[in-house]
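To keep things clear, I will list the structure first and then write my remarks on it.
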Amino acid sequence: MKPIGLFGGTFDPVHNGHLNIAQAFADEIGLETVIFLPAGEPYHKTAAQTAAAHRLAMVEAAVADYPQFAVSDCDIVRQGATYTFDTVQIFRQQFPNTPLWWLLGSDSLMKLHTWKRWETLVRQINIAVAMREGDSLNKTPAVLHSWLGGALQNGSVRILNTLLYPVSSTQIRSELQQGRFSDGLIPPQVERYIRRHGLYQN
Ligand code: ATP
């Protein structure tokens with residue numbers, strides 16, 4: 001049975017960096033599918049964010065061309081703060097015998113120790129890490145060192161080989177607010193959605 005990949009994020013908006021690492025995740029781990037999980041109320045992000053319905057619709061538009069990718073609204077329809085730990089319990093119950101993998105950018109890996117019940121979480125799910133610009137595993141906080149060393153050795157954490165894709169949602173929001181936009185950062189159908197709904201404008 002091929003493993004299933006889960007990819008949580010704010011996706012405000014989803015961009016080609018997300019699609020790029022999701023494809024590497026599917027290819028390198030040999031996944032059946034990658035399920036994108038737009039966050040409802042991320043407790044560790046304070047900036048005002050775009051309505052969940054818009055972020056969900058943009059991810060749906062972005063993955064439409066990728067038969068291996070799917071989207072779940074399970075973190076959006078849940079009430080209150082959504083924790084990855086709770087999301088993983090839902091998928092664990094739904095797929096009791098299928099190996100599960102979680103995809104993380106390296107910036108999220110550096111904060112993993114702040115996540116709810118992270119030590120239990122990492123025993124329940126494997127983790128694939130996509131490196132981001134400027135990050136290196138040497139920067140991992142000390143509290144994660146012994147777990148990460150062991151997990152890299154036993155294969156429950158894998159670092160993806162994908163090339164760095166230097167784009168972030170923050171950069172895209174800032175470009176849109178300044179009325180400019182670089183090519184190749186987001187899929188055209190997401191750009192059309194943004195323009196149609198007047199998102200990310202002052
Ligand atoms: P923001 O700029 O608003 O913080 P973001 O671009 O980091 O957003 P998120 O939706 O927060 O996007 O990201 C979801 C996950 O994807 C996170 O684990 C993040 O580290 C990872 N990620 C996002 N962009 C990239 C990228 N270009 N390369 C590797 N990982 C990425």
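The values are calculated or read from the model by the stated rules, or taken from the named source; none is laboratory data. Since the structure is predicted, the reported quantities are computational estimates derived from the model, not experimental observations. Here the Cβ positions follow ideal geometry from the backbone for every residue, glycine too, while neighbour counts run over all protein chains shown. The accessibility values were calculated without ligands, DNA or RNA, using every heavy atom of the protein model including side chains. Shrake-Rupley method; radii C 1.70, N 1.55, O 1.52, S 1.80 Å.
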| Options Gln124, Gln201, Gly5, ranked by Cα towards positive dipole end of the chain, top entry (Cβ charges) | Gln124
| query | When the chain is fully extended, how far beyond the present Cα-Cα distance does Arg180 get from Ala142, taking 0.36 nm per residue of separation? | reply | 9.6 nm
| request: Towards the positive end of the charge dipole of segment 4-166, with charges on Cβ (+1 Lys, Arg; -1 Asp, Glu), say which of Val143, Pro166, Ala70 has the farthest Cα. | output: Val143
| remark: Spelling it out for Val71: with amide H atoms placed in the peptide plane at 1.01 Å from N, the residues 5 or more places away or on another chain with amide H under 5 Å from its amide H are Phe36
| Roughly how many debye, to the nearest 20, is the charge dipole of segment 1-113 about its Cα centre, given +1 on each Lys and Arg Cβ, -1 on each Asp and Glu Cβ, and no other charges? | 240
| query | Roughly how big is the chain's charge dipole about its Cα centre, with Cβ charges of +1 (Lys, Arg) and -1 (Asp, Glu), in debye to the nearest 20? | reply | 340
| message | To the nearest 20 Debye, how big is the dipole of segment 76-153 about its Cα centre, given +1 on the beta carbon of each Lys and Arg and -1 on that of each Asp and Glu? | response | 200
| said: Can you give me the accessible area per residue for the chain, using a 1.4 Å probe, in Å²? | reply: 50
| message | Once you order the gyration tensor axes a ≥ b ≥ c over the Cα atoms, which shape class does segment 1-128 get: rounded for a/c under 1.5, otherwise prolate or oblate by comparing a/b with b/c? | response | rounded
| task | Roll a 1.4 angstrom probe over the protein heavy atoms and tell me the percent of accessible area of the chain that is carbon or sulfur. | result | 50
| field | Estimated distance in nm for a label pair at Ala51 and Ala64, the labels positioned 7 Å out from Cα along Cα-to-Cβ | value | 1.9
